[in-house]
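Structure record follows, encoded as structure tokens.
The values are calculated or read from the model by the stated rules, or taken from the named source; none is laboratory data. What you are looking at is a predicted structure, and each value in this text was computed from that prediction instead of being measured. Glycine also receives a Cβ, built like all others from the backbone with ideal geometry; neighbour counts cover every protein chain displayed. Ligands, DNA and RNA are excluded from the accessible area calculation, which covers all protein heavy atoms including side chains. Shrake-Rupley method; radii C 1.70, N 1.55, O 1.52, S 1.80 Å.
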Amino acid sequence: MSLFRVPIGTVLLSFLAGAVAQGITSAQSLANFTQAGAPPNNTKVLILGGGMAGIIAARTLHEQGIDDFVVVDAKTEFGGRMIQKPFGVTGRQVVVEMGANWIQGTQDGDGNANPVWELAQKHNLSVVENDLLLAAFFDYNGPNNYSQSFAASMVAFTNATVAAGQRLRDNKVDMDLRSAYSYLGITPRTPQEEACQYYQVDFECKFYAQSPSQTSWLASAWKNNFTYVPEAGGYSDVSMMSIDPRGFAYIVQAEAVDFMKTNQILFNQTVSSISYDRNGVTVLTQGGYNLTADHALVTFSVGVLQNTDVVFQPPLPDWKREAINSIEMAGYNKIFLQFNDTFWFDTEMGLYADVERGRFPVWQSLDHPNFFPGSGIIFVTVTGDFSPYVELMNTTQLQDEVMEVLRKMYPDAPDPIDIHIPTWGANSLYRGAYSNWGASFVPGHLDNLRANVQDHLWFAGEATSLKYFGYLQGAYLEGQRVAKEIADCINHGNCSVPVDNTVTNAQPYPDSLQQ
């Protein structure tokens, strides 16, 4: 395993900071920044959301000579969907990641570097290479070595990716991955083969978090290539997992401290409405703030934009709403369990095949020499349609269902001593985990998702990334891109971004349908 760790003294000190991070106040967060008083009610640019996209946008404005901005965040610290939590019973707690946990692709030699990897190195984040492809195998009858099916599923995805590349070059219509697998004659036929495909498509290896029928064949291919394949312009085939007690979000928080002052930060304020016209933007918060600016950058998830949590006045134009509602917002839930003793596989990963696809399939041991040995923690991940299902359960119901599966893997498994599940879909700040490109989401929709409205209302986030939707590097690069556009607008008056008012088929529908 390849390790990159902070010195032990730093680990011990930062563990104390991480252990209380969930209870941090706005005042405690602001104490880390250069003191410059409270933020003004009027500013040049309002950045709505302090996740990766928002903070990198703020840094880019600063680099462009624009410091008249305020970042508004609903939480009491920056990080967005990077959220750490101390988990476990008293005396055995470790800091685990509720959301973003991995750096997908790092750098191959002196090739293209993932900017998130560079941030992690800059801020000395403690990470470890996660061997996602070495797993123990189980099904509803117990241990079952279907590693050959697993290897075949990797080949199948590679073949689908290669075929998609040719399809893209030939400018052929997109299909969903389920249809693509069927077309290529590589459809999984057994629960074990379904579980292996789930691991390749829905879960960590590619991070689509939705079933093949909800995932674009072409976009899944280019996202994979631009992330994991250096020969195709990607970073590397390495995934690094954060095990830093300060939390993965520390890289965003530390970056913000480098250049921001307290008069550029407004914590603990949830945006309730955004009014806009060609003269500027007015933002109201649930806490009673009335903020005005020449420009506003919206970095909310598309899940939030698809709901009515934030009201736009006037309503966003049809072309923008169509784009927002055409992309998928995926569910992705880790269910953490802690036990007195470790009784499970000694690999990092375990794969369970159920007769129902996606039912508690992927398990990861955190009580592993490379992670948190002695912690007694294991977690299972569910995605897609299973995410809202588990979020509706109470703790007892959830534990019963999870343990039913775990006892098929290990019949003598005891009850856990602690359990936790983050609820991304039900949380009004997120409304899901991250975006996914479906087959019906076309390039014209992406252009419109990125485009500003009336030259003053801007949008950025992982969902607006062509190559890296759903990934942190997508949020980073989009925050950087849009901030440069805003700076160009402010400094040179180049504010208009082309939009496609009517996204149409490449070919018209048959005349017989138009009678």
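Where in region 53-106 are there strands (runs of 3 or more DSSP E), lying fully within it, with 1 or more residues that are over 18 Å from the mean Cα position of the chain (by Cα) and crowded, with 19+ Cβ neighbours inside 10 Å?
Per the criteria, 69-72, 84-87, 94-97.
Residue by residue, here is whether (1) open to solvent by 30 Å² or more (accessible area, probe 1.4 Å); (2) touching a Pro at 6+ places or on another chain (Cβ under 9 Å); (3) more than 30 Å from residue 437 (Cβ to Cβ); (4) acidic (Asp, Glu) holds:
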site: 269; (1), (2), (3), (4): no, no, yes, no
site: 278; (1), (2), (3), (4): yes, no, yes, no
site: 284; (1), (2), (3), (4): yes, no, yes, no
site: 296; (1), (2), (3), (4): no, no, no, no
site: 324; (1), (2), (3), (4): no, no, no, no
site: 331; (1), (2), (3), (4): no, yes, no, no
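Mind checking which pairs have a first residue in region 272-301 that is at positive phi and a second that is open to solvent by 10 Å² or more (accessible area, probe 1.4 Å) and not in a strand (DSSP E or B), Cβ under 7 Å, 6 or more apart or different chains?
Note: pairs meeting the criteria are 280/456.
Among the candidates 488, 500, single out the residue that is touching a residue at least 24 places away in the same chain (Cβ under 8 Å), open to solvent by 40 Å² or more (accessible area, probe 1.4 Å) and either closer than 28 Å to residue 294 by Cα or not in a helix (DSSP H, G or I) (or both).
500
Is it true that some residue in region 75-87 is hydrophobic (A, V, I, L, M, F, W, C) and in contact with a strand residue (DSSP E or B) (Cβ under 6 Å, 6 or more places away or on another chain)?
Yes: region 75-87 contains one or more residues that are hydrophobic (A, V, I, L, M, F, W, C) and in contact with a strand residue (DSSP E or B) (Cβ under 6 Å, 6 or more places away or on another chain).
So which residues in region 347-365 are in contact with a Pro (Cβ under 9 Å, 6 or more places away or on another chain) and in contact (Cβ under 8 Å) with a residue 12 or more places away in the chain, if there are any at all?
351, 352, 353, 354, 355, 357
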